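To keep things clear, I will list the structure first and then write my remarks on it.
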Amino acid sequence: MYFIRIFFLFLLCCNANAQVPLIANIPGRTNINLNGRWQYIIDPYETGFYDYRYVERNQKDKDAYWNSDVPQNKTDKLEHGYSTKNTLYVPGDWNSQDRVFLYYEGTVWYKRSFDFKESMNGKKVFVHFGAVNYKADVYLNGIKLGMHKGGFTPFNFEIPDSILKPENNWLVVKVDNKRMKDEIPTLNTDWWNYGGITRDVNLVIVPNDFIEDYNIQLQKGAFTREEKIIEGWVKLSAPIKGEIIVEIPELNIRNQIAANGDSVSFTLSSKYLKLWSTKSPSLYKVIISTPADKVEEKIGFRNIEVNGDQVLLNGKRVFFRGICIHEEMPEGMRRAYSYKDAVYLLGQVKELNANMVRLAHYPHSENMTRVADSLGLMVWSEIPVYWTIDFGNDAVLAKAQTQLTEMITRDRNRASIVIWSVGNETPPGDERLAFMSTLAKNARILDNTRLIAAALENFGLNGEQVVKDKLGDYTYIIAVNQYIGWYGGLPDNCRKVKWAPNAKPMFFSETGAEAVGGFYGDSATRWTEDFQEWYYKEQIAMMKRMPANFLGVSPWILNDFRSPRRNNPETQEGWNNKGLYDQKGNKKKAFYVLKAYYDEMEKKYEK
């Protein structure tokens, strides 16, 4: 497994996105938090990056916006400046912080000054970003540290100690959220393109020889044994000759593993291990230490697998009572980012009596997956390979693989995540199949303990429904987005279809209808809560007639969310209103219909 990981780190390097290593478990490290107010410059022409010939500026060019804006003498001509009059809060999107940014797509330069008086003796310092949308060029004290592409995955750069100063360091980040044909996601999406430094920024202080990454989980199939087997590996930043200690104090586990290199694998055992489940999300403090370093975090242990046409969690059949979520706080019209936001959104999920969330259509913040761990919510996590990707472009495939690797690297120790998804609603074709199947195979190589999926499409309104997409041959389950009665026909078209049995478990990864919160009428009037309620009633009646391999559903979507594609001036005004909660956080009538169904399914499958 370690050599496989090295292969994917090589892909990261080739894609020139992020300096490796990507450090695991940032909350478990020594950090200096750089959140707060950052000064900014809006730069739609990218003047701070290119000169008037549109050539990238020289590193020491005084007019480059990564350099100091303080004149050295009165004859200096500087045409840029950072000011306390212009600040943005980090983490956060720029769109919601000032009307000037509402639809802005382009470059914004961020600057944050800080002091650093820590001793560097025997230590390294990295600057770590939880996410920046989309392209980030990072500079410290006028020196470029690196560049990263990808709006929803973490990255870090090492800071040479020769650059750091005790006082008045200036960290500058060029953030560019323009949509591009050859990026992931591409030009055409159905969500708001929030720009900015949208997740936490930290200076991470580690020893010279530090614990870079690790994986620890229940051995596949070991849940049936009286003595549970835990297995894992530890990757170090440099070779050592000594001992690595893995502890789980609550289970009285303390194993010493001899190391003679930069990686080790190990197995542990316990008769007293309680498995993580949706009803009892047990988490254990795990401590990993070396002679120079020590990290700890809470980890749960469970087994998820496909058995024939069923999915089993710890050997018991699962029915996914799911819901899709965008990483957005509709009441504030902003990107969700904080632990408080995660508790709020996943609290809404628990109110629905769901046991599963599809985090669409990109990796959500680490707060979401860690809170899901504690609440016992199963998670579908996805990369933004969405709609019209340039499937014939090898460079685009490399970018998708980078984001897949970063997503799995960050969250491989989260018990809540049971599905890695490689994309959503991609159009069938030979190039697309080669692109998507490659991602599915690579996800399986990176982590063979979880299910691999992709959200496929179905457009049938009558007769037998057969999912013929060949991408389903490469996934563990057949996940289908279907909107019978909304994007074709009326809700009672559900009565006219029959879903063909399949050898694999089948899951409705999306279904839904729009309703303006508080707009009522008869059930035949679109956009009313009554129509949405009728839609859900017909969908549920259809789901009760599904073949035995039916795995569950994650309707679209928990909350109304913003989308520039939605332009009906009476019923949308830039919002997709398929939420079960409206823009003000009020439950719509369909919420109660779905909750009643989930209460019924809970009694049926979790007796």
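The values are calculated or read from the model by the stated rules, or taken from the named source; none is laboratory data. Note that the coordinates shown come from a computational prediction; the quantities given were computed from them, not determined experimentally. Positions of Cβ are generated from backbone atoms using ideal geometry, with glycine treated the same way; all protein chains shown enter the neighbour counts. Areas reflect the complete protein model, heavy atoms only, side chains present, ligands, DNA and RNA absent. Shrake-Rupley method; radii C 1.70, N 1.55, O 1.52, S 1.80 Å.
Okay, here's what the table says:
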read-out: Residues Ile163 and Glu296, FRET efficiency given R0 of 35 Å [Cβ-Cβ distance, rounded to 0.05]; value: 0.70
read-out: Region 58-148, dipole about Cα centre (Lys/Arg Cβ +1, Asp/Glu Cβ -1), debye to the nearest 20; value: 280
read-out: Inter-site label distance for Arg526 and Glu431 at 7 Å from Cα along Cβ, in nm; value: 3.3
read-out: Hz values of 3J(HN,Hα) by residue in region 145-151 - Karplus curve (6.51, -1.76, 1.60), Gly and Pro given as x; value: 8, x, 9, 9, 10, x, x
read-out: Debye, to nearest 20: dipole size of region 282-430, +1 on Lys, Arg Cβ, -1 on Asp, Glu Cβ; value: 660
read-out: Å² of accessible area per residue within the chain, as computed with a 1.4 Å probe and no ligands counted; value: 39
read-out: Full-stretch length increase - Asp76, Val306 - with 0.36 nm per residue and alpha-carbon distance subtracted; value: 76.0 nm
read-out: Convex hull volume of region 434-538 per residue (C-alpha atoms, cubic angstrom); value: 122
read-out: Derived scalar couplings ³J(HN,Hα) [region 41-46; Karplus, 6.51 cos²θ - 1.76 cosθ + 1.60; whole Hz; x for Gly, Pro]; value: 10, 7, 9, x, 8, 6
read-out: In sequence order, calculated HN-Hα J values of region 240-249 (Karplus, 6.51, -1.76, 1.60; Hz; x Gly/Pro); value: 9, 10, x, 10, 10, 10, 10, 10, 10, x
read-out: Accessible area of the chain belonging to carbon and sulfur atoms, whole % at 1.4 Å probe; value: 49
read-out: Mean projected area in nm² (Cα convex hull; one quarter of hull surface) for region 427-481; value: 4.0
read-out: Pairwise label distance in nanometres, Asp182 with Ile445, each label 7 Å out on the Cα-Cβ vector; value: 2.3
read-out: Cut-off of 10 Å, at most 13 other beta carbons, DSSP loop: longest stretch of the chain lacking such GluC sites (Glu not before Pro); value: 228-569
read-out: Size of electric dipole in the chain: Cβ of Lys, Arg +1 and of Asp, Glu -1, about Cα centre, debye, nearest 20; value: 1100
read-out: Kirkwood hydrodynamic radius (C-alpha pairs) into Stokes-Einstein, region 328-479, 25 °C and 0.890 mPa s, D in µm²/s; value: 150
read-out: Once the Cα gyration tensor of the chain is diagonalised, semi-axes √(5λ) in Å; value: 40, 32, 21
read-out: Cα convex hull of region 150-290, projected area averaged across orientations, nm²; value: 14.1
read-out: Linear extension gain, Glu464 paired with Glu351, 0.36 nm per residue minus alpha-carbon span; value: 37.2 nm
read-out: Antiparallel content of DSSP bridges confined to the chain, in %, to 5; value: 70
read-out: Share of Cα-Cα pairs in region 451-607 lying beyond 21 Å, as whole percent; value: 47
read-out: log₁₀ of I(q)/I(0) at q = 0.15, 0.16, 0.17 Å⁻¹ - region 473-533, Debye sum with one point per alpha carbon; value: -0.57, -0.62, -0.67
read-out: Kirkwood Rh, Cα atoms: Rg over Rh of region 214-346; value: 1.06
read-out: Kirkwood-type radius of region 105-164, with distances r between different C-alpha atoms, in Å; value: 12.9
read-out: Amide H contacts of Gln465 (H built 1.01 Å from N, under 5 Å, at least 5 apart or other chain); value: Lys498, Trp499, Ala500
read-out: Three semi-axes of the equivalent ellipsoid, region 147-193, Cα gyration tensor, whole Å, largest first; value: 32, 11, 9
read-out: Qualifying trypsin sites (Lys or Arg not before Pro) for region 184-277 [loop in DSSP, other Cβ within 10 Å: at most 13]; value: Lys220, Arg225, Lys271
read-out: Proportion of all alpha-carbon pairs of region 221-268 beyond 16 Å (%); value: 46
read-out: Amide H partners (placed H, <5 Å) of Phe301, local residues excluded; value: Trp276
read-out: At least 30 Å along the helix axis (C-alpha) and Kyte average at least 1.0, DSSP helices within the chain; value: none
read-out: The chain - percent relative contact order, Cα under 8 Å, separation 6 or more; value: 12
read-out: Projected label distance in nm at Arg565 and Glu250, using a 7 Å step from Cα toward the beta-carbon; value: 4.2
read-out: Spin-label zone in region 159-180 - amide nitrogen under 20 Å from a point set 7 Å from the Cα of Met120 along the C-beta vector; value: 159-173
read-out: Where Rh is the Kirkwood radius over Cα pairs, Rg/Rh for region 272-354; value: 1.08
read-out: For Ile417, residues with placed amide H under 5 Å, excluding near neighbours; value: Val379
read-out: Per-residue [θ]222 nm for the chain (sum of -39500 (n - 2.57) over DSSP H runs n ≥ 4, rounded to 500); value: -5500 deg cm²/dmol
read-out: Stokes-Einstein diffusion coefficient of region 94-135, Kirkwood radius over Cα pairs, 37 °C, 0.692 mPa s, in µm²/s; value: 235
read-out: Net lengthening on full extension, Glu56/Asn393 (0.36 nm per residue, minus Cα-Cα); value: 118.8 nm
read-out: Cβ-derived FRET efficiency at R0 56 Å, Asp473 paired with Lys285, nearest 0.05; value: 0.85
